[in-house]
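Visitor: Below is the structure I would like to discuss, written out as structure tokens.
Laboratory data are not the source of any read-out in this text; all were calculated from the coordinates shown. Because the structure is predicted, anything quoted here is derived from the model rather than measured. We place every Cβ from the backbone using ideal geometry, glycine too, and count neighbours over all the protein chains shown.
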Ligand SMILES: [Zn+2]
């Protein structure tokens with residue numbers, strides 16, 4: 001049950017990263033602080049469906 005998900009910038013809504021998540025183990029929504037090249041700074045990225 002490994003799902004591909006996209007990480008969307010909370011500021012500009014660009015989908016900058018993709019990752020996988022094991023739904024069995026991780027039920028919470030992923031929120032990661034990552035660099036956004038569009039915002040040119042670190043922004044919270046939220047999980048969204050691929
Ligand atoms: Zn951004």
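Visitor: Between residue 20 and residue 6, 0.36 nm times their residue separation minus their Cα-Cα distance comes to what?
Guide: 4.2 nm
Visitor: Give the Rg/Rh ratio for the chain, taking Rg as the radius of gyration of the Cα atoms and Rh as the Kirkwood radius, to two decimals.
Guide: My calculation puts Rg/Rh at 1.00.
Visitor: Below 8 Å, C-alpha to C-alpha, sequence gap of six or more: please give me the relative contact order for the chain in percent.
Guide: This gives 43 percent for the chain.
Visitor: Mind checking which of 33, 15, 23 has the largest fluctuation in a GNM of the chain, springs on alpha carbons under 10 Å?
Guide: In the Gaussian network model the winner is 23.
Visitor: In what order do 3, 28 fall by count of nearby beta-carbon atoms within 10 Å, going from fewest to most?
Guide: Final ranking by Cβ density, sparse to dense: 28, 3.
Visitor: Treat each spin label as a single point 7 Å out from the Cα along the C-beta direction, and report the residue 44 to residue 28 distance in nm.
Guide: Taking the simple label geometry, residue 44 and residue 28 are separated by 1.2 nm.
Visitor: Per-residue counts of other Cβ atoms within 10 Å, averaged by peptide: what ranking do you get for 37-43, 8-14, highest first?
Guide: Per-residue mean Cβ counts within 10 Å order the peptides as 8-14, 37-43.
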